[in-house]
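Q: Following this message is one structure expressed as structure tokens.
The values are calculated or read from the model by the stated rules, or taken from the named source; none is laboratory data. Predicted model only: the values in this text are computed from it and were never measured. FYI the Cβ positions are ideal-geometry reconstructions off the backbone, even for glycines, and counts take in every protein chain you see.
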């Protein structure tokens, strides 16, 4: 099964680079791409998903659903390009770098990494930094 990227916005994103990032993370973390859908959307869609599936009525940068079975990585994630844009400005980074970081973050979630505590969040951030270093232009 393949990796599919969907951009539901009018904003242009580098889908090939994002797909490379997803494949790199999945492969280096010991997985094999089964069926993964990466959906790049706006605040309206991510808020609806957050409300309907997680019971949270607010926007967020990413939501990930993993369905891994039999060694293949299967799942889907949603990334709000509106939140990415706002966070890039807030953190003083480019939109592209913030989008790449959150795509890596979502891929790590598909591999079972969690960020529920300060310690886990710090470990995940180190993994993100590692992959960002590997994927810089």
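Q: Over 21 Å from residue 59 (Cβ atoms), free of Cβ contacts under 8 Å to residues at least 60 places away in the same chain and either buried (at least 19 other Cβ atoms within 10 Å of the Cβ) or out of contact with any strand residue (DSSP E or B) (no Cβ under 7 Å at 6 or more places or on another chain) (or both), is that true of residue 71?
A: It is false that residue 71 is over 21 Å from residue 59 (Cβ atoms), free of Cβ contacts under 8 Å to residues at least 60 places away in the same chain and either buried (at least 19 other Cβ atoms within 10 Å of the Cβ) or out of contact with any strand residue (DSSP E or B) (no Cβ under 7 Å at 6 or more places or on another chain) (or both).
Q: Which ones in the range 30-45 are at pLDDT below 95 and outside any strand (DSSP E or B)?
A: Correct list: 30, 31.
Q: Working carefully through the options 104, 79, find the one that is part of a helix (DSSP H, G or I) and closer than 20 Å to residue 5 by Cβ.
A: 104
Q: Could we say that residue 82 is more than 24 Å from residue 127 (Cβ to Cβ) and touching a residue at least 24 places away in the same chain (Cβ under 8 Å) here?
A: It is true that residue 82 is more than 24 Å from residue 127 (Cβ to Cβ) and touching a residue at least 24 places away in the same chain (Cβ under 8 Å).
Q: Only residues that are free of Cβ contacts under 8 Å to residues at least 24 places away in the same chain and in contact with a helix residue (DSSP H, G or I) (Cβ under 7 Å, 6 or more places away or on another chain): list them for the range 92-112, please.
A: Of everything in the range 92-112, those that are free of Cβ contacts under 8 Å to residues at least 24 places away in the same chain and in contact with a helix residue (DSSP H, G or I) (Cβ under 7 Å, 6 or more places away or on another chain) turn out to be 94, 95, 98.
Q: Let me ask something else. Restricting attention to the range 75-89, does a residue exist that is farther than 25 Å from residue 45 by Cα and more than 16 Å from the chain's Cα centre (by Cα)?
A: No, the range 75-89 contains no residue that is farther than 25 Å from residue 45 by Cα and more than 16 Å from the chain's Cα centre (by Cα).
Q: Filter the range 90-115 down to the residues that are loosely packed, with under 12 Cβ neighbours inside 10 Å and more than 22 Å from residue 31 (Cα to Cα) and list them by number.
A: Scanning the range 90-115 gives 90, 91, 92, 94.
Q: Moving on. How many of the residues in the range 82-101 are under 12 Å from residue 136 (Cβ atoms) and not in a helix (DSSP H, G or I)?
A: Count: 1.
Q: Please go through the range 8-26 and give me each residue that is outside any loop (DSSP other than H, G, I, E, B), free of Cβ contacts under 8 Å to residues at least 60 places away in the same chain and touching a strand residue (DSSP E or B) at 6+ places or on another chain (Cβ under 8 Å), ordered by number.
A: Hits for the range 8-26 are 15, 19, 23.
Q: Only one of 11, 23 is at pLDDT 95 or above and closer than 15 Å to residue 72 by Cβ. Can you tell me which?
A: 23
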